[in-house]
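Please read the structure below before turning to the comments.
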Amino acid sequence: MKAANLRLIADKRIHSREDCGYATGSQWMSLRDGEEYCFYIMRYKPFGGNYSESGTEAEEEVYTNMAKYNLGNRDSYYRAVFDCALSADKQLQVDNLGFNNIPVCFFDLEAFFIDHNDTLECTSNLIKKVCPPVKATTIA
């Protein structure tokens, strides 16, 4: 999935389970205590779009293929990916495996927050600069 430029996204622009919705791929989850986000897979395009890089939510086919490979339970799959992102060593961890658990860092998939781009360059009327409407930061 990493080779296909797919990333796990925690969308800070979505503030409730209802706004996250129930579309295939969308999953409202707790990242840490008191931090809940809408997670989904996004296809990253490094040199596409008007702002030199862009991303779009993954196509239905991505989620269909995940189910074919027994990754249809998004909760455990997404959790394994963001647990790796939050892990200090970013190495595959196979200790303490339980039934139906995915090892931390088993999937080499990047995880990012996305949010409105509210940097000074994007919000000031005095600065004439084209900037992307969203910004991405790694989950760590």
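Tabulated results
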| read-out | value |
| --- | --- |
| Flag if Asp89 is of a type in the set (Asp, Glu), modelled with pLDDT under 75 and part of a loop (DSSP other than H, G, I, E, B) | no |
| Residue list for the range 92-111, filter: at pLDDT 85 or above, hydrophobic (A, V, I, L, M, F, W, C) and in a loop (DSSP other than H, G, I, E, B) | Leu109 |
| Criterion violated by Ser54 - all others in (1) surrounded by fewer than 13 Cβ atoms within 10 Å (Cβ to Cβ); (2) among the hydroxyl-bearing types (Ser, Thr, Tyr); (3) at pLDDT below 85 satisfied | (1) |
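The values are calculated or read from the model by the stated rules, or taken from the named source; none is laboratory data. Quick caveat, the model's predicted, so the values are computed rather than measured. When we count neighbours, we look across all protein chains shown, and the Cβ atoms used for this are built from the backbone with ideal geometry, even at glycine.
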